[in-house]
1. How much length is gained on full extension from residue 92 to residue 44, taking 0.36 nm per residue of separation minus their Cα-Cα distance?
2. Stretch residue 131-residue 85 to full length: gain in nm at 0.36 nm per residue minus the Cα-Cα span?
3. Between the helical axis of 95-105 and the dominant principal axis of the chain, each derived from Cα atoms, what acute angle in degrees is found, rounded to the nearest 10?
4. Using just the helices of the chain, give the 222 nm mean residue ellipticity in deg cm²/dmol: DSSP H runs with n ≥ 4 each add -39,500 (n - 2.57), and the total is spread over all residues, rounded to 500.
5. Note the full-extension length gain between residue 52 and residue 224 as 0.36 nm times their separation in residues minus their Cα-Cα distance, in nm to one decimal.
6. At residue 119 and residue 169, where each label point lies 7 Å from the Cα along Cα→Cβ, what is the point-to-point distance in nanometres?
7. Which FRET efficiency value, to the nearest 0.05, is calculated for residue 184 and residue 100 with the Förster distance at 35 angstrom and r the Cβ-Cβ distance?
8. Hey, fewest Cβ within 10 Å first, where do 174, 77, 32 land in order?
C-alpha cells in the first residue's frame, strides 16, 4: 500500500476525497477484527487481515491467507488447564498449569523388596540391608509367602536404622495369618525417612505346624521431591 497522498488543498473536494480514501485504506490495513466465531471457513476478509478470536475466553489471533474465508492461527495459545486435557499441538500449557499437573502426579513411589527363599526361621536381619539415597514417607508394607504358615501367624518386623518402625505398637507388625499367603499393613509408629537411613527385616514368629517358605516383604515409600 502506497501511503503517499498528493493533497494540495483541503478546500478541494477532490483532495478531501483522496484523503478520506487514504485514511479508510490505512484503517482497513490496521483494523483487527474481533469475533466470537471461529474465523476459518466462516468469515470473509482481505488477505492479511488479522482476527482476534475469543474462543470461550481463550484469545487466539488468526490471519486471512486467501482473501476469502481461509484463515490460519498465528499465535501461540496459552492453556491454563491443569489437567492438560486438550492434548493439543497448537496450545502451550502455562507454567502454573504444568506445575499443577506435575504436582498431581506426585509423589514418586519406591518399593523396597526383601526375599528369602526356602523354609523360614525366626531371626534378626534375615535379608539384605537397604540404604536409601532419598528422603520420604513410609506408606504401606506387604508380605507374601509361597507356602502359607499354619498353626500360627508369620510375623515380620522392619527396622529403620536398627529400630522397629512399630517400636511402640508391636501388635501392628506386618503378618501373614495362619493358612494365608499374604498380609499388609498401613499403620506405623515411624513414617519419616531421611537420606542415608537404612532398613532391615526380622522374622519374629513363624507358623507352628508349617513355618512358611519363600517369603517376600515389600515396603512402599513416597519420595520427597
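Only the coordinates and a few stated rules stand behind these numbers; no lab work does. Keep in mind that what you see is a predicted model, and the values were worked out from it rather than measured. Using ideal geometry, Cβ is built from the backbone for each residue, glycine included, and neighbour counts are taken over all protein chains shown.
1. Stretched out fully, the residue 92 to residue 44 stretch lengthens by 14.5 nm.
2. 12.6 nm
3. 20
4. -4000 deg cm²/dmol
5. 57.5 nm
6. Roughly 3.5 nm, to one decimal.
7. Here the calculated transfer efficiency is 0.65.
8. In increasing order of surrounding Cβ atoms, one gets 32, 77, 174.
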